[in-house]
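A short worksheet on the structure shown next.
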Amino acid sequence: MPEQGTWLGRVVDVCVNYDTKNTMKGLIVREDNDAPGLMIIKLDNGEYITSTECQYSLEKVNLS
C-alpha cells in the first residue's frame, strides 16, 4: 500500500453532484501520497466512495 497522507482518519463533510443541502459525514480511510493516488471515504451509512465521485471538505469545528 502506498504511503498515506495527512488527511487519513479525518472526518469530512461529503456531498454528491454539488448538492450541499444533502451532506453526510465520512471518514477518510485511504489517502495515497503516491500512485495510484486514491482517496477512499467511508460514509456514516457504511458505504464507501472515492474522492472522484463526490465533493468533500474537512468537518467544521466550533471552537467557541
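The values are calculated or read from the model by the stated rules, or taken from the named source; none is laboratory data. Just so we're clear, the structure is a prediction, and the values are computed from it rather than from any experiment. Positions of Cβ are generated from backbone atoms using ideal geometry, with glycine treated the same way; all protein chains shown enter the neighbour counts.
Numerical summary
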{"item": "Members of the stretch 37-64 found to be in contact (Cβ under 8 Å) with a residue 40 or more places away in the chain and not in a strand (DSSP E or B), listed by number", "result": "CYS54, GLU59, LYS60"}
{"item": "Residue among ARG10, ARG30 that is among the charged types (D, E, K, R), farther than 12 Å from GLU59 by Cβ and either at pLDDT 95 or above or surrounded by 10 or more Cβ atoms within 10 Å (Cβ to Cβ) (or both)", "result": "ARG30"}
{"item": "Tabulated pairs, the stretch 1-25, first free of Cβ contacts under 8 Å to residues at least 40 places away in the same chain, second loosely packed, with under 10 Cβ neighbours inside 10 Å, C-beta under 8 angstrom, 6+ apart or interchain", "result": "PRO2/ALA35; PRO2/PRO36; VAL16/ASN22; MET24/ASN45"}
{"item": "For ASP34: the one exception among (1) within 9 Å of the chain's Cα centre (by Cα); (2) assigned to a loop (DSSP other than H, G, I, E, B)", "result": "(1)"}
{"item": "Only listed residue being of a type in the set (D, E, K, R), at pLDDT 95 or above, touching a strand residue (DSSP E or B) at 6+ places or on another chain (Cβ under 9 Å) and surrounded by fewer than 13 Cβ atoms within 10 Å (Cβ to Cβ), chosen from LYS60, LYS21, LYS42", "result": "LYS21"}
